[in-house]
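Student: I'd like to ask you about the structure that follows.
The values are calculated or read from the model by the stated rules, or taken from the named source; none is laboratory data. As the structure is a prediction and not an experimental result, all values here were calculated from the model. Heads up, the Cβs are rebuilt from the backbone with ideal geometry, glycines too, and the neighbour counts pull from every protein chain shown.
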Amino acid sequence: MVSSLPSSTEEGVDWERTPSSPPSPGTVPHGPPSYRRTLGNRPFFLLWVSQLVSQSGDYIFEVALLWLVLELTGSAFAVGIVVTGTILPGVLFGPFLGVYVDRWDRRRTLVVTNVTQGLVVAALSAIVLAGVANLEGLFVIVVMLGSGATIVRVATNAYVPSVVPTSDLPPANSLLSVSGSLNQIVGLSLGGVFVALLGVTVPIEYDALTFFVAAVLLLAIPRPARGLDPSREPGPQSFRAELSEGFSFIRQNRFMVEIIAIGVIVNFFGNGLFALFAPYAAFVLHGGADVYGFLGAAAAAGGLVAAGLLGRFDMHRTSGRFVFTGGVAIGLVVLLVGLTRSFPTALVLMAGLGVTLAVTNIPISVVMQAKIPGRLLGRVGAAFSALVLATSPVGPIFAGWLAQRWSVGAVFVVSGAIIALVIGTGAVTMRALRSVTY
C-alpha cells in the first residue's frame, strides 16, 4: 500500500453549484461509481462531447496521414519517422508544458489549443492540394500537432478530477476511453474507405473542422466560482521550482517510479508496433487502406467493450492488478498478431488487443488522478508521461528499420514476447504498484 501520496480528496475545492453541477471535487458520493451521475455532470459532459467530436476527425486523419506517407515513400521506415514526430513533443516539451497547464486556466487552454490544431491541419490540407507535400514537411506538421495533443492530454487529465468526484473517476475515464474507441471504430473504418475512394485531402479537411467545433463546445463549459479554480497556485513560484516539484513528487512515490521502469521498455516496443500497423496491413495481409482501417476499428471495438465494463468497477484496491494482468495480455496478443497471415484472425486478435489496452490504461489514469493533488496534476502528469515515453520516439524508427531488415511479422513476435516478459517480471517484483490504493 502506498500511503505517502496525498489524495485529491485533500484539496477541499468547492465549485459554483448549479442544478446540474457535480458534488464538490474530492467528495465521494454514496453508492458505487455511476455512469448516470457522471453524464449528468455538465462540465464533464461538455468536455466529453468535445473530445468525441475532435477525435472523430483524428482517426480519419490518422489513416490519411500514414497512407500519404506510404504513397510518397513506400517505406515502413518513413512511417516510423512520422510516428516519431507525433511522440517527440510529449517527451521533449511535456514537462515544460505541464507547468504552464498548471498556471493557465485549463478550460481556456483546451479551447486555444483546439483552434491552433485546426489551423495547422487546415494548412496541411492546402499543402497536399498544392502537390508539394514531402516527408520533411509532414514531420514538422506532426511535431506541431503532437505538441498540441500533449497539451490537450495533460490539460484534460488535470481538469477531470476538478469537476468529477473521486468515486466517479472510473466511469469518467471509461467514458473518455469509450469516446476514443467509438471514433476509432468509425474513423478508421470509414477513413480507410474514404482514403481509398476520395484520396487523403477530404479526411484531412474534416479533421480541421472538428477541432473548431470542439473549441466551441469547450467554451460552453461553466467557469468555476471566482477564486476557486484548483489549477491556481497557492503562491508565486519560479518556473524552475514548479518544474522540479513535478519530478520530486514522482520520485517520492514508488508506484509511479515502478510504472516508469516498465513503461520505458514497453512503450519503446509498443510505439514501434503502432508505426508498423499500416505496413502490416499492406505487406503482411496484402490489403489497402481499408484493411488498415478495419484492423484499427477492431481494436477500438475491443476497447469499447472493456471500457464500458471497467467503468462499473471500484478500482481503489485493484488498480495495480488490472495493470499487470492487462499488460501481460497485451504482449501475448501482439505476439499472436505477428504469427498470423489471416485477415479474419488478425481482426479477432486486434479486438483482443483493444480489450487488454483498456484494462491496462484506464486504471493507470484513475489512480493518477486520484493520487495527485489538483494543483500539481499538469506538471506531474506531463513529467510522468515524458519519463514513461522517454524511449518511445526511437521505437518507431527502430521498428521500421528492423522490419526492413527482417519482416514486419517478426518484429511483432519479438516485441510481444518482450512486453509480456517485462510486465510479467514487474508483476512479481513491483509490490508498490501491485498493491496501490486510492
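Student: Working carefully through the options Gly235, Gly199, Gly192, find the one that is exposed (fewer than 13 other Cβ atoms within 10 Å of the Cβ), modelled with pLDDT under 95 and more than 30 Å from Arg431 (Cα to Cα).
Tutor: Of the residues listed, the single one that is exposed (fewer than 13 other Cβ atoms within 10 Å of the Cβ), modelled with pLDDT under 95 and more than 30 Å from Arg431 (Cα to Cα) is Gly235.
Student: Looking at Ala172, Ala133, can you tell me which residue is touching a residue at least 60 places away in the same chain (Cβ under 8 Å), of a type in the set (A, V, I, L, M) and buried (at least 24 other Cβ atoms within 10 Å of the Cβ)?
Tutor: Ala172 is the lone residue from the list that is touching a residue at least 60 places away in the same chain (Cβ under 8 Å), of a type in the set (A, V, I, L, M) and buried (at least 24 other Cβ atoms within 10 Å of the Cβ).
Student: Is there a residue in segment 88-110 that is closer than 19 Å to Ile204 by Cα and of a type outside the set (Lys, Arg)? Give the steps one after another, and end with the answer.
Tutor: At the first step, the residues of segment 88-110 found to be closer than 19 Å to Ile204 by Cα are none.
There is no residue in segment 88-110 that is closer than 19 Å to Ile204 by Cα and of a type outside the set (Lys, Arg).
Student: Also, quick follow-up: Of all helices (runs of 4 or more DSSP H) completely enclosed by segment 330-410, which ones contain at least 3 residues that are farther than 17 Å from Gly303 by Cβ and under 17 Å from the mean Cα position of the chain (by Cα)?
Tutor: Hits in segment 330-410: 343-371, 377-388.
Student: I'd like the full set of residues that are within 23 Å of Ser179 (Cα to Cα), modelled with pLDDT of 95 or more and of a type outside the set (A, V, I, L, M), limited to segment 326-359.
Tutor: Answer for segment 326-359, where residues must be within 23 Å of Ser179 (Cα to Cα), modelled with pLDDT of 95 or more and of a type outside the set (A, V, I, L, M): Gly326, Gly327, Gly352, Thr356.
Student: So Tyr438 passes all but one of these: (1) over 22 Å from Phe324 (Cβ atoms); (2) of a type in the set (Phe, Trp, Tyr); (3) part of a loop (DSSP other than H, G, I, E, B). Which condition number does it fail?
Tutor: Among (1) over 22 Å from Phe324 (Cβ atoms); (2) of a type in the set (Phe, Trp, Tyr); (3) part of a loop (DSSP other than H, G, I, E, B), Tyr438 violates only (1).
Student: Quick one: Gly272 ticks every box in (1) crowded, with 16+ Cβ neighbours inside 10 Å; (2) modelled with pLDDT of 90 or more; (3) out of contact with any Asp or Glu (no Cβ under 8 Å at 6 or more places or on another chain) bar one, so which box is it?
Tutor: (2)
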